[in-house]
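I have placed the structure first, in the form of structure tokens, so that the comments after it can refer back to it.
Nothing in this text is a laboratory measurement; each read-out follows from the coordinates by a stated rule. Since the model is a prediction, treat every value here as computed from it, not as a measurement. Glycine gets a Cβ as well: all are built from the backbone with ideal geometry, and neighbour counts include every protein chain shown.
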């Protein structure tokens, strides 16, 4: 029998095998690159969540406490001529204060440089060093961002080099150090400002009492009118809430944002330049005086630790905020976008937190 060789039943040629291996290698390379990208995205997401977790917690604490701000506003009698025995009307007043201002106007001490905005208010937060179970006791509270070292805020046994960072700081004096009541028992007249309006930046004297009249109460007796027990300097009540918070922007508002022609109206009527003081007695603020704003927009910008390390230059504050931003509420959206673009150009990983906070105790009225 003669065997016949059938060429049609032969295997793959070498060229065919090389083409197939090349295609398979290309597919494997593409799949590997896709897998690496997915893993990198997942790692970055997990890293961002971890890096900004502290900032998120601090932002929640800030907005929660701010929502409880109160002035306990009431109406008092207006008597322009006490001799005639006739009451001339009523005026709105309060012994408390809500103030929003540029943080760089404060001297916080402790080697800290304030930046951005600061907000200070009174709220029933129940914080006291000497009394328990007073959950609704009033406290002074404030928030601002500073840049400085961490030596004061870490345990003494840590001997590493001092770290200079931006930090969100909380001003938290105990209720017994609430300086806002230092005016004493004298009734104020209509339009008369409080005698003591710097409770959020109080400095005490060496006698142990914060008072222009320097006299010490007898031992075992409470301070008399005009005397307040010594509670330390302003910086003694500052506590860091979160690191790597480079900016805090606070905008009191009386209305929600409204859209007109597809464009949001972000300007604030009651605080067009972000500044707000419930004790303001100027003519253009009379109708809003002695009230907490019904709404406050809070914006906070955080960066990651890697970006902070790359831009660290000892005690020199890095330039992370372009000049001229957040001076007018009419350009709020533009300022946020410009800041974000600047940080992206500098390859600074960041996150913007923003929320509109409703103040529950506000009984807003535009009538004085």
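Okay, here's what the table says:
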{"item": "Modelled FRET efficiency - R0 35 Å, residue 36 with residue 161, Cβ distances, 0.05 increments", "result": "0.45"}
{"item": "Distance between modelled label sites at residue 285 and residue 21, nm, 7 Å Cα→Cβ extension", "result": "8.1"}
{"item": "Percent of C-alpha pairs per 10 Å bin, segment 274-363, short to long", "result": "13, 34, 28, 18, 7"}
{"item": "Distance (nanometres) between label positions extended 7 Å along Cα→Cβ at residue 107 and residue 75", "result": "4.3"}
{"item": "Label point distance in nm, residue 95-residue 132, each placed 7 Å from Cα along Cα→Cβ", "result": "2.8"}
{"item": "Mean Cβ neighbour count within 10 Å, used as a protection proxy, ranking 301-310, 279-288 highest first", "result": "301-310, 279-288"}
{"item": "Residue 327/residue 305 FRET efficiency (R0 25 Å; Cβ-Cβ; nearest 0.05)", "result": "0.25"}
